[in-house]
Amino acid sequence: MKPEALKPGDTIGILGAGQLGRMMALAAAQFGLKTHIFGPDGGEPAFQVCAAGTVAAYEDEKALAQFADAVDVVTYEFENVPAATAAFLAARRPVRPGPFALQTTQDRLVEKDFLNGAGAPTAPYAAVSDEASALEAASRLGLPAILKTRRFGYDGKGQILLRAGEDAAQAFRALGGAACILEGFVPFTKEISVVGARGLDGSFVAYDVCENEHEHHILSLTRVPARIGAQTAAAALALTRKIADALDYVGVIAVEMFLVEEGGERLVVNEIAPRVHNSGHWTLGGAQVSQFEQHVRAIAGWPLGGPRRLGRIEMRNLIGDQCEAWPAILAEPEARLTLYGKAEARKGRKMGHVTRIFPENE
Ligand code: AMP
């Protein structure tokens with residue numbers, strides 16, 4: 001064990017109080033680790049399950065300083081932690097994954113440049129900073145293509161699909177004139193992801209490749225294993241390790257990829273999430289060690305756990321009023337239900353998930 005490793009009884013500080021922070025806090029508690037949640041909205045789900053909480057803005061330096069004093073390591077559940085917040089905390093306590101992973105994944109242009117530098121294939125792309133560069137990028141890459149804001153995009157927000165003949169300058173205006181990238185359209189047949197973890201000592205483990213389906217740009221179903229060739233699956237795991245190594249990463253990382261089947265299977269990296277990921281929720285009950293426990297082990301400087309799958313997996317998100325099916329789900333022997341403790345089942349809101357674990361060949 002490295003000298004900077006945590007001991008049971010120590011405290012993990014988590015930025016963000018949503019369901020990811022909540023599931024991390026529950027995993028930490030299993031080892032006698034305490035969690036201190038920091039977030040701007042006291043009604044969020046992680047506050048229900050932590051030893052201590054701070055409700056304050058991410059820019060509130062007085063609150064951040066007190067938070068840093070109260071914790072042994074800092075982690076986060078979302079990639080849009082302001083750079084100044086991460087730097088302020090990193091000067092006082094270890095922040096894992098480190099600020100380099102945050103900077104790289106917060107900006108789609110920086111992320112694509114990093115990926116290409118690390119030898120990971122991406123869609124062709126071009127920076128767009130004004131109407132002229134939007135038109136130039138569209139003529140260079142060709143349409144269809146997708147215009148995306150460089151920052152703060154999630155679940156399909158901040159992006160516009162440009163079909164052949166459509167006006168890139170108008171799409172740029174529709175996104176509010178924010179700095180963007182234009183990405184060539186990838187003719188994918190499947191969306192997959194790899195959830196892996198890298199320890200403080202550089203060790204790496206990954207779960208089997210996940211196959212993901214979205215509805216209205218929100219993940220609805222994850223199947224594991226993904227229905228892809230064994231060589232492609234091995235290549236996806238190897239790419240994830242290469243990316244984690246190049247980021248000198250500590251913690252759980254998820255890499256979202258497209259599978260193109262035209263002319264043989266080929267992988268294209270879409271984006272990196274520097275955190276636990278929705279497509280890894282099945283590991284809670286569906287693998288030897290969950291992604292949440294794995295993240296806690298990694299940032300604590302502890303050995304990583306086994307990623308072996310315990311069956312064939314289907315994980316469905318419970319979005320909005322779908323969570324009302326909870327009594328029927330509880331009655332299914334193969335179903336494992338997780339609810340996030342959110343009071344209001346608003347449309348499009350992730351309220352929980354259900355993982356069904358079947359015998360491997362069923
Ligand atoms: P993102 O926010 O980058 O994850 O994009 C949201 C969704 O848009 C993805 O899950 C894909 O279904 C689709 N998408 C994003 N980028 C591309 C691309 N370059 N080519 C084709 N589809 C894309």
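Pop out the Kirkwood hydrodynamic radius of segment 188-358 from its pairwise C-alpha distances, inverse of mean 1/r, in Å to one decimal.
On the way: mean 1/r = 0.0607 Å⁻¹.
For segment 188-358, inverting the mean 1/r across all distinct Cα pairs yields 16.5 Å.
Return the single residue from H216, H295, H36 with maximal mean-square fluctuation; model: Gaussian network over the chain, springs between Cα atoms under 10 Å.
Judging by the Gaussian network model, the answer is H216.
Per 10 Å bin, what percent of the C-alpha pairs of the chain does each bin hold, from zero upward?
Computed distribution, short to long bins: 5, 23, 33, 26, 11, 1, 0.
For the chain, compute the number of Lys pairs whose alpha carbons are separated by less than 13 Å, excluding pairs fewer than 8 positions apart on the same chain. Spell out each step's value before the answer.
Values: K7/K34; K112/K148; K148/K157; K342/K350.
Pairs that pass both the separation and distance tests number 4.
With r defined as the distance between the Cβ atoms of S129 and E213 and R0 fixed at 45 Å, what FRET efficiency is calculated, to the nearest 0.05? Walk me through the intermediate numbers first.
Working: r = 34 Å, r/R0 = 0.76.
Efficiency at R0 = 45 Å is approximately 0.85.
Percent relative contact order of segment 124-184, based on C-alpha pairs within less than 8 angstrom and at least six residues apart? It would help to have the intermediate numbers written out before the result.
Values: 116 pairs, mean separation 30.8, N = 61.
About 51 percent, as a whole number.
Within segment 57-149, report the GluC sites (Glu not before Pro) that DSSP leaves as loop and that have at most 14 other Cβ atoms within 10 Å. Show your work: numbers first, answer last.
Working: sites: E59, E61, E77, E79, E111, E131, E136; in loops: E59, E77, E79.
Hits after loop and neighbour filter: E59.
With contacts defined as alpha carbon pairs under 8 Å and 6 or more residues apart, what's the relative contact order of the chain in percent? Mind showing how you got there, number by number?
Numbers: 807 pairs, mean separation 52.5, N = 362.
Worked out over the chain, it gives 14 percent.
To one decimal place, what Kirkwood hydrodynamic radius in Å is obtained for segment 11-95 from all pairs of distinct Cα atoms? Could you put the intermediate results ahead of the total?
Numbers: mean 1/r = 0.0811 Å⁻¹.
About 12.3 Å for segment 11-95.
Considering only C-alpha atoms, what is the centroid distance from segment 305-362 to segment 1-63, in Å?
Going from one Cα centre to the other spans 24 Å.
In segment 110-190, which trypsin sites (Lys or Arg not before Pro) fall in coil by DSSP and have 10 or fewer other Cβ atoms within 10 Å?
On the way: sites: K112, R140, K148, R150, R151, K157, R163, R173, K190; in loops: R150, R151, K157, R163.
Passing both the DSSP loop test and the Cβ count: K157, R163.
Given springs between every Cα pair under 10 Å in a Gaussian network model of the chain, which of D321, D245, D72 has the largest fluctuation?
In the Gaussian network model the winner is D321.
Read-outs: derived from the displayed coordinates by stated rules, not from any lab. Remember, it's a predicted structure, so these values are computed and weren't measured experimentally. We place every Cβ from the backbone using ideal geometry, glycine too, and count neighbours over all the protein chains shown.
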